[in-house]
Each structure stands twice: as structure tokens, then as C-alpha cells.
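Undergrad: I have a structure here, written as C-alpha cells, and I will follow up with some questions on it.
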Amino acid sequence: MSKKIDLISSLILFFLGLVIFLKSLTYPIGSFRSPGGGLFPLLGSLCLITLSIIMGIQTFLRTEELKSGKDHFFSSKEAPKRIFLGFLALVGFRYLLPIVGFGPATFLFIFYLTKFLGNYNWKISSIFAGSTAICAYYLFQVWLRIPMPPAILKF
């Protein structure tokens, strides 16, 4: 059953990506230095199409995991608790953002998700959170020049 759901999901995501790709071509693309309105939907749709193809291929290649029951991210017993904790993390990110700033708030948010909800070790969680915060900072504040709320606490 899970294999069938994954295959259907990959097909839906593929066609959604295809629709977004085709629609993004109706907007000016521009360049990386001067992006047009269609550049980011185009790039996002290409990512979505690529990931849906990978998901479809993995669905066909996966057999033993489904039989052993190791396919679930978390058990149905744990699901409400983990969803609630993820929601609390989003709320915490929202209220922490103006206090400590974009970079530290993003680091703490991603670290919390990977360490406590993803069950990764401290080292992996720190590296992933740090690289995500740095990439997000450069993407939004340096490259796109999107103003973020000023931090109350200056680091």
C-alpha cells in the first residue's frame, strides 16, 4: 500500500512541477544577477520535477523496507506529538526571529528539527543547521537583498 501511495505522490508532484515549469516560462526569466519574476518558479519547478523522479525511482527499487515495516518516519502513536512539536518549533522561530535575528533563529530552528525531531547526533545537527543558516542568510539577505527584521539582541 505504501509503495502505491509513494508512486501516486511522485506522479502528482511531477505533474505539479511540470505545470509550474510551463507557467514560469510565461514570465520574464532574467538572469542570476537580475532575476525576473519567472526565475525562481522555474528553478523550484525543476527541483520538484527532479525530486519527484528520484522518488519514483526509489519507489520501484525499494522492496524489503516495506515488508519489514521500517518505512514509516514515525509511528502513528508518535505522530500527533511530533507534529505538535514541529508546530511549536515554527511558532518559536517566528517569535525568536526579531529577538536574535535571522541567522541565529534559523540555526536554532533547523538544529531543533534535526536533533530532536530527526534524531540525528549533535555533530550532524550542528553542521546541517549551520550550513542551512549560512546559505539562507546569503540567499535572502545578501543575494536577494530581502530586509529582515532587525534583531533586538546584537551578536
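The values are calculated or read from the model by the stated rules, or taken from the named source; none is laboratory data. These figures come from a predicted structure and were not determined experimentally. As a convention, Cβ positions derive from the backbone with ideal geometry for all residues, glycine included, and neighbour counts pool all protein chains shown.
Undergrad: How many of the residues making up the stretch 1-44 are under 19 Å from the mean Cα position of the chain (by Cα) and among the charged types (D, E, K, R)?
TA: Final tally of qualifying residues: 1.
Undergrad: For the stretch 112-155, name all the residues that are of a type in the set (Phe, Trp, Tyr) and without any contact (Cβ under 8 Å) to a residue 24 or more places away in the chain. Please lay out each step first, then the result.
TA: Within the stretch 112-155, the first condition is being of a type in the set (Phe, Trp, Tyr), and the residues that meet it are 112, 116, 120, 122, 128, 137-138, 140, 143, 155.
Those that are of a type in the set (Phe, Trp, Tyr) and without any contact (Cβ under 8 Å) to a residue 24 or more places away in the chain: TYR112, TYR120, TRP122, PHE128, TYR138, TRP143.
Undergrad: A follow-up question, please. Among (1) closer than 21 Å to PHE40 by Cβ; (2) in contact with a Leu (Cβ under 8 Å, 6 or more places away or on another chain), where does VAL142 come up short?
TA: (2)
Undergrad: I'm told THR26 meets every condition in (1) of a type in the set (S, T, N, Q); (2) modelled with pLDDT of 90 or more; (3) over 28 Å from LEU139 (Cβ atoms) except one. Can you identify the failing condition by its number?
TA: (3)
Undergrad: Any idea which residue in the stretch 120-146 is surrounded by the fewest Cβ atoms within 10 Å (Cβ to Cβ), counting only those that are over 17 Å from the mean Cα position of the chain (by Cα) and outside any helix (DSSP H, G or I)?
TA: ARG145
Undergrad: Of the conditions (1) at pLDDT 95 or above; (2) over 22 Å from ILE5 (Cβ atoms), PHE40 satisfies every one except a single condition; which number is it?
TA: (1)
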